[in-house]
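The values are calculated or read from the model by the stated rules, or taken from the named source; none is laboratory data. None of these values were measured; they are calculated from a predicted model. For neighbour counting, all protein chains shown are included, and Cβ atoms are generated from backbone atoms with ideal geometry for every residue, glycine included.
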Amino acid sequence: MSGALLRIDLAGQDKVVGRIAEAIGRLSDPRPMFEDIGLALVTSTHHRFDQQRAPDGSPWPPSLRVKQHGGKTLILSSRLYRSITFQASTAQVEVGTNVIYAAIHQFGGDIDQAAREAVLHFKTNKRTGRSRFAKPSKADRARKAMIGARTIHMPARPFLGLDQDDPRTITTIVENFLAAGGQLS
């Protein structure tokens, strides 16, 4: 899974890992448990998109589009939102996305754009004689222009991770799975 990914690392939690390994060893197929955990974490991640908050509860910095036109950050097309998924196996669950630009939103960073040549399209208003930018299909003229190099700073807007309720949800799923003898309905 490329893009951004969340892995739960229980290193240093030997007692917990030992209990989980023992319980898993008694069960023939823990995949349903991991699938339920994956579904719960996808739901939790979607909730963070709706609330515009990071897993630690801090608000996301609003995007320039949201500041100027309203709406929600990271939800213009909902592509990133809809791409959040999980992969469950008999040993683990991974929650993430395959959207290429997910990592820059999760971690933040700088995007360097090189200088480039572009074709600008214009349309003249017949009443006023003023020109304005236009779509190529509506333009009455075009001209080539050089666009200088620039750096765009993207602030981090973490969406993957465990929030304060997720560990309790995971514990409940595991307990229910173990209490049912490895069968979830």
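Note on segment 1-104: enclosed helices (runs of 4 or more DSSP H) holding 2 or more residues that are assigned by TED's automatic domain parsing to the domain that holds Arg168 and at pLDDT 95 or above are 31-51, 79-83.
Going by what's in this entry, would Arg132 be described as among the basic types (Lys, Arg) and under 29 Å from the mean Cα position of the chain (by Cα)?
Working: among the basic types (Lys, Arg): yes; under 29 Å from the mean Cα position of the chain (by Cα): no.
Answer is no for this residue.
Return a yes/no flag: does segment 148-164 have any residue that is surrounded by 10 or more Cβ atoms within 10 Å (Cβ to Cβ), closer than 30 Å to Val93 by Cβ, without any contact (Cβ under 8 Å) to a residue 12 or more places away in the chain and assigned by TED's automatic domain parsing to the domain that holds Asn98. No - not one qualifying residue is present in segment 148-164. One residue is enough: does segment 110-117 have a residue meeting the conditions surrounded by 15 or more Cβ atoms within 10 Å (Cβ to Cβ) and either outside the structural domain of Ala21 (by TED's automatic domain parsing) or within 22 Å of Pro59 (Cα to Cα) (or both)? For segment 110-117, residues surrounded by 15 or more Cβ atoms within 10 Å (Cβ to Cβ) and either outside the structural domain of Ala21 (by TED's automatic domain parsing) or within 22 Å of Pro59 (Cα to Cα) (or both): absent.
Taking segment 129-173, which residues are part of a helix (DSSP H, G or I) and of a type outside the set (S, T, N, Q)?
Taking segment 129-173 and keeping what is part of a helix (DSSP H, G or I), we get 166-173.
Matches in segment 129-173: Asp166, Pro167, Arg168, Ile170, Ile173.
All conditions in (1) assigned to a strand (DSSP E or B); (2) surrounded by 11 or more Cβ atoms within 10 Å (Cβ to Cβ) hold for Asn176, with the sole exception of (1). If we scan segment 97-106, do we find a residue that is under 15 Å from Phe177 (Cβ atoms) and among the small types (Gly, Ala, Ser)? Looking for residues that are under 15 Å from Phe177 (Cβ atoms) and among the small types (Gly, Ala, Ser), one finds none in segment 97-106, hence no. Listed by first and then second residue, the pairs with beta-carbon distance under 8 Å, at least 6 apart or on different chains, first residue in segment 49-66 and touching a residue at least 60 places away in the same chain (Cβ under 8 Å) and surrounded by 11 or more Cβ atoms within 10 Å (Cβ to Cβ), second aromatic (Phe, Trp, Tyr) and not in a loop (DSSP other than H, G, I, E, B), are Phe49/Tyr81.
Checked against (1) at pLDDT 95 or above; (2) polar (S, T, N, Q); (3) exposed (fewer than 10 other Cβ atoms within 10 Å of the Cβ), Ser137 meets all criteria but (1).
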